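Visitor: Handing you a structure now.
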Amino acid sequence: MQQEPSLAGFQPVEQCNLDYHPQRGSAIDPHLDDSWLWGERLVTINMLSNTTLTMSLENGLSELGLAEEVQVAVHLPRRALVMLDGEARHRWKHAIHREDVHERRVCSTYRELSAEFLSGGQQAQLGAQLLNIALSFQGTPI
Ligand SMILES: O=C(O)CCC(=O)C(=O)O
C-alpha cells in the first residue's frame with residue numbers, strides 16, 4: 001500500500017475483515033459507506049478467491065441518457081487491491097452478490113478518517129486519539 005501513489009498519506013483507522021462462504025450464502029447488499037467518520041479512500045484487499053464487485057446506480061446515469069439502474073461488474077482477482085474514491089465512493093453503491101462468492105473469500109477493508117477528524121477539522125483531537133488507538137492496536141481482532 002505504501003508503494004501505491006494514490007494511497008499516499010493513507011492512515012487506516014479501521015480494518016474490517018469479512019469472511020465469505022458460499023455454503024452460508026455470504027453476500028453484502030449494495031450500500032455506500034458512511035462519510036461522516038470515514039474519509040475519501042476505501043481500500044479493500046481481496047483474498048483466497050476471485051470475486052466480482054458490483055457497482056450500481058439505482059437511478060441510472062442521466063449524463064448518458066440511461067434512466068434504468070446501471071450496474072458495473074468489476075472483476076477482483078484473488079490478492080487484488082481495490083480503492084474506491086470520488087464518485088465510486090460517494091455516488092455508486094457497491095456490493096458482493098451471493099452468486100459471486102464461489103469459494104471461501106476473506107477481504108480486509110481499510111478506512112481512513114474524514115477531514116472533520118483530521119488536522120484542522122472540528123474533531124481533530126478526537127481523530128488523533130482514534131488514530132493513536134488504531135496504530136498501536138495489539139489485541140485480538142473480533
Ligand atoms: O467484500 C467486499 O469487498 C466489500 C466490503 C464492504 O463493502 C464493506 O465492508 O463495507
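The values are calculated or read from the model by the stated rules, or taken from the named source; none is laboratory data. Just so it is clear, the model here is predicted, and its values are computed rather than measured. All Cβ positions, glycine included, derive from the backbone under ideal geometry; neighbour counts span all protein chains shown.
Visitor: Checking the conditions here, which among Thr140, Thr51 is of a type in the set (S, T, N, Q) and in contact (Cβ under 8 Å) with a residue 24 or more places away in the chain?
Guide: Thr51
Visitor: Tell me, please, whether a residue that is farther than 14 Å from Thr109 by Cβ, outside any loop (DSSP other than H, G, I, E, B), out of contact with any Phe, Trp or Tyr (no Cβ under 9 Å at 6 or more places or on another chain) and in contact (Cβ under 8 Å) with a residue 40 or more places away in the chain can be found in region 88-97.
Guide: So far as region 88-97 goes, yes, one or more of its residues are farther than 14 Å from Thr109 by Cβ, outside any loop (DSSP other than H, G, I, E, B), out of contact with any Phe, Trp or Tyr (no Cβ under 9 Å at 6 or more places or on another chain) and in contact (Cβ under 8 Å) with a residue 40 or more places away in the chain.
Visitor: Can I ask one more? Among the candidates Val82, Val43, Val74, which residue alone is within 11 Å of the chain's Cα centre (by Cα), surrounded by fewer than 17 Cβ atoms within 10 Å (Cβ to Cβ) and either modelled with pLDDT of 95 or more or more than 22 Å from Leu7 (Cα to Cα) (or both)?
Guide: Val82
Visitor: Which condition number does Trp36 fail, the rest of (1) under 26 Å from Leu135 (Cβ atoms); (2) exposed (fewer than 14 other Cβ atoms within 10 Å of the Cβ); (3) within 12 Å of the ligand (Cβ to nearest atom); (4) not charged (D, E, K, R) being met?
Guide: (3)
Visitor: Sort through Pro22, Pro30 and tell me the only one that's within 21 Å of Pro77 (Cβ to Cβ) and either surrounded by 13 or more Cβ atoms within 10 Å (Cβ to Cβ) or without any contact (Cβ under 8 Å) to a residue 40 or more places away in the chain (or both).
Guide: Going through Pro22, Pro30 in turn, the sole match is Pro22.
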